[in-house]
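Contents: one structure, followed by commentary.
The values are calculated or read from the model by the stated rules, or taken from the named source; none is laboratory data. Just so it is clear, the model here is predicted, and its values are computed rather than measured. Cβ sites come from the backbone with ideal geometry, for glycine too, and all protein chains shown count toward neighbours.
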């Protein structure tokens, strides 16, 4: 009996210890640091204050934060608009077919996003595939300047993150009981109405987890603006990185990432709510 | 008509997803260094890759980290999943919740909070900190993969074993572990690709003494297009595809 408990306790406390050391403690430390003051020569001054958070609202930084949020949100929306019909098509396809279609989405999903971002350069650059094609079709005379603009960063975000939207959407749509749709049609709802009243609410968990998987990385992927964007295109991720590595204002960087964590917390909360709600609506 | 529109739409999305990769692969076999025009088939960029010891070393380091972190993460993750599935105790929900939060956390937040931890603990950034960073990244994913496998188990087998006098460790090693092996392997491959593909956490948790492949590529790419980077990227994509296929196969067998 004794060694029974020994193994059980070992596993439980080992796991709890692991999560504490690499999950909870770093988060708490980061939060703690964000309330300190930065000091010259990379040292942190141990005095409690809110100056880093106040500076987040500062016009220069605030504009960057809002621009970055806006960029991530539009990438997320566009991914949702492009991804939903696509996920729906895969989910409704013949089983054998849909498995193959899904696998084709998995491959870019697992490919290094840095490499995929870099692959985009050859498409977007002045003498790249996109411009060559458009010129060949006679749609434009001079190459469009896409590389090193905000548009390139936007395209890059959508390109790298689209699979992250499609996969959870597919999982949610696949689970959907299509008899419910037939029932709603039988009861007199038109296509649009049954989509709005049945399909969307029931696939809400997928929509929200897809949105999270696109929105959160979109704020933090600093290498996308680095490779595709111009010098002035920045996401929150670039800012956080620069605070840690270039400006060496660690409290400021910590405050910005605490803000990012809070955004995540808010989204997780929405996710749980939607999970509960959809659980309730499934029951007749 | 509707069916036709659907296929057109699906093909367009696949075109969008694969065109850049195809263009990159095209460049990697193109004799011309800069232009899009085809100057003949060549393997010289792949050859150049083999002689580029810098890249080769970085690739070797990446593989080392990926193999080690996948293995360690699998051990921790499997034990975590086992615990969550098998035991009921106070704080179980909190652990489930924190694993989920760790899974969803933006990489950059994980990266810098680990950086703060390592700096505070006085560690020199390099191999060990990078390894810990990658293990942290992978454990929640392994735990989730193996946990979902555990849920399909027949609990009565475990109860029967206990009735017959097996202790907790024996239950784990004789019953749970053999049944969990497909999940374990799938989790390993998942961690392996996660680790190999990670840029952001590596960026913050490694030091100049231990530069891994994605970071090496990153610094090369910022200077513009390089044909040998194209070749290297194609090689990495192939490795990823093989890993995905393997893990899919292993996941399917159990289903």
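For the reader, a short list of remarks on this structure follows.
- Which listed residue is in the same structural domain as residue B:211 (by TED's automatic domain parsing), surrounded by 24 or more Cβ atoms within 10 Å (Cβ to Cβ), farther than 17 Å from residue A:240 by Cβ and modelled with pLDDT under 95, from B:121, B:143: B:143
- Filtered residue count, the stretch B:1-33, keeping only those that are modelled with pLDDT under 85, farther than 29 Å from residue B:196 by Cβ and within 14 Å of another protein chain (Cβ to nearest Cβ): 2
- Whether a residue is buried (at least 16 other Cβ atoms within 10 Å of the Cβ), under 28 Å from residue B:219 (Cα atoms) and more than 9 Å from chain B (Cβ to nearest Cβ) was assessed, and residue A:151 passes this test.
Conditions (1) exposed (fewer than 14 other Cβ atoms within 10 Å of the Cβ); (2) over 30 Å from residue B:208 (Cα atoms), marked per residue:
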| position | (1), (2) |
| --- | --- |
| B:117 | no, no |
| B:126 | no, no |
| B:131 | no, no |
| B:164 | yes, yes |
| B:172 | no, yes |
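- Meeting the requirement of 2 or more residues that are at pLDDT 90 or above and within 13 Å of chain B (Cβ to nearest Cβ), the helices (runs of 4 or more DSSP H) wholly within the stretch A:1-69 are A:2-19, A:25-34.
- Residue within the stretch A:89-101 that is under 30 Å from residue A:199 (Cα atoms), surrounded by fewer than 20 Cβ atoms within 10 Å (Cβ to Cβ) and within 22 Å of the chain's Cα centre (by Cα) present: no
- Yes/no for residue B:248 being surrounded by fewer than 16 Cβ atoms within 10 Å (Cβ to Cβ) and over 30 Å from residue B:122 (Cβ atoms): no
- Verdict on residue B:55 being within 23 Å of residue A:117 (Cβ to Cβ), within 23 Å of the chain's Cα centre (by Cα), within 14 Å of another protein chain (Cβ to nearest Cβ) and at pLDDT below 85: yes
- Any helices (runs of 4 or more DSSP H) falling wholly within the stretch B:119-198 and containing at least 1 residues that are within 29 Å of residue A:30 (Cα to Cα) and more than 10 Å from chain A (Cβ to nearest Cβ): B:127-150, B:177-197
- In the stretch B:76-84 there is no residue that is more than 24 Å from the chain's Cα centre (by Cα), within 10 Å of chain A (Cβ to nearest Cβ) and at pLDDT below 90.
- Residues being in contact (Cβ under 8 Å) with a residue 40 or more places away in the chain, surrounded by 15 or more Cβ atoms within 10 Å (Cβ to Cβ), within 13 Å of chain A (Cβ to nearest Cβ) and touching a helix residue (DSSP H, G or I) at 6+ places or on another chain (Cβ under 7 Å) are entirely absent from the stretch B:41-48.
- Wholly enclosed helices (runs of 4 or more DSSP H) of the stretch A:196-284 bearing at least 2 residues over 25 Å from residue B:119 (Cα atoms) and in contact with a helix residue (DSSP H, G or I) (Cβ under 9 Å, 6 or more places away or on another chain): A:204-220, A:223-228, A:250-282
- Single residue of the stretch A:126-143 satisfying the filter (touching a helix residue (DSSP H, G or I) at 6+ places or on another chain (Cβ under 6 Å) and buried (at least 16 other Cβ atoms within 10 Å of the Cβ)) that is modelled with the highest pLDDT: A:130
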